[in-house]
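A short write-up of the structure that comes next.
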Amino acid sequence: MRKSVTKQASILLVALLVFVVVGFAYSILNPWSRINCIHEDIDIRTGRVRFQRYIFFIKVTNHIKKTDISKMWEKYFGEYPDPLWRRVNTFQGFDIGGHSPHHAYHGALAAVRIIKKSFALASFSEEAQKKAAHTYLQLLQAEDSDKSASQYAHFVAMQSIQKEEQGVIEEGDIPSLDEWVDIVKREETCYLTSTHKKKASQESRKRLTVLGFFCFL
């Protein structure tokens, strides 16, 4: 009887060892699988961050952390609404803070840090901070990526650098959602016009070169 129990225990131990080895090998071949990974998400409604740890496809931790922007949301708007999570990073379990696939909201948390540093660099009025944080979150929700929201964060940073010695940055210095959309449209129009002129100039040079060639003949 004792030999039978020992044999069963040995079989279970070997099976467990094989399972662990196969899982480890799979995690190396597919480093961001839920065999061993950490997901980092942002709530695009409030700016909170969620960390989820998976081991062998089982969620073992689920931690939600406040950011400076989410604290501002709580201060100005009260109770948090139901979250709307979007993936920012996926890290291999043994490589926290390392490489991650480029998710659609990959730059969202970096933009949060940029806004935070902007507030520290220059003197923003309370209303200006509120407007910047709120508009940033609106832009995250308005699109399927953080592209425009991240551009907005860099704009806020430029405002803090340019007006650092000009006193307090007021609410009127910070664009709202509609104002930002107009700014982006104007920038796109200028870019398209510039590109069109550049192409037209290139075409003109080509025609002059061809004309000169035939005149030479």
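Does at least one position in segment 79-86 carry a residue that is under 16 Å from the mean Cα position of the chain (by Cα) and assigned to a strand (DSSP E or B)? Yes, segment 79-86 contains at least one residue that is under 16 Å from the mean Cα position of the chain (by Cα) and assigned to a strand (DSSP E or B).
Here segment 132-146 is the region considered, the condition is being among the small types (Gly, Ala, Ser) and under 16 Å from ALA104 (Cα atoms), and the residue that is farthest from the chain's Cα centre (by Cα) is ALA142.
When you scan segment 109-123, do you find a residue that is more than 16 Å from the chain's Cα centre (by Cα), farther than 20 Å from TYR80 by Cβ and in a loop (DSSP other than H, G, I, E, B), even just one? Within segment 109-123, one or more residues are more than 16 Å from the chain's Cα centre (by Cα), farther than 20 Å from TYR80 by Cβ and in a loop (DSSP other than H, G, I, E, B). In the set (1) within 19 Å of VAL88 (Cβ to Cβ); (2) in a loop (DSSP other than H, G, I, E, B), the condition left unmet by GLN151 is number (2). Kindly indicate whether LEU140 is modelled with pLDDT of 90 or more and either more than 27 Å from VAL88 (Cα to Cα) or surrounded by 22 or more Cβ atoms within 10 Å (Cβ to Cβ) (or both). So LEU140 passes the test. Reported count of residues in segment 49-76, each being part of a helix (DSSP H, G or I) and surrounded by fewer than 13 Cβ atoms within 10 Å (Cβ to Cβ), is 1. Among the residues of segment 154-169 satisfying the criterion of being in contact with a Lys or Arg (Cβ under 9 Å, 6 or more places away or on another chain) and aliphatic (A, V, I, L, M), which is nearest to LEU84 (Cα to Cα)? So the residue we want is ALA157. Quick one: which of LEU139, LEU109, LEU84 is farther than 21 Å from GLN52 by Cβ and of a type in the set (A, V, I, L, M)? Of LEU139, LEU109, LEU84, the one residue that is farther than 21 Å from GLN52 by Cβ and of a type in the set (A, V, I, L, M) is LEU139. The C-beta contact set for segment 22-51 (first residue among the aromatic types (Phe, Trp, Tyr), second residue part of a loop (DSSP other than H, G, I, E, B) and modelled with pLDDT of 55 or more, distance under 7 angstrom, 6+ apart or interchain) comprises TYR26/SER33; TYR26/ILE35; TRP32/PRO101.
Taking segment 77-92 as the range and being of a type in the set (Phe, Trp, Tyr) and surrounded by fewer than 18 Cβ atoms within 10 Å (Cβ to Cβ) as the test, the residues that pass are PHE77, TYR80, TRP85. Scanning segment 154-175 for residues that are within 14 Å of SER123 (Cα to Cα) and not in a helix (DSSP H, G or I) yields LYS163, GLU164, GLU165, GLN166, GLY167, VAL168, ILE169, GLU170, ILE174.
The values are calculated or read from the model by the stated rules, or taken from the named source; none is laboratory data. Only a predicted model underlies this, so the values are computations on that prediction, with no experimental measurement involved. Cβ sites come from the backbone with ideal geometry, for glycine too, and all protein chains shown count toward neighbours.
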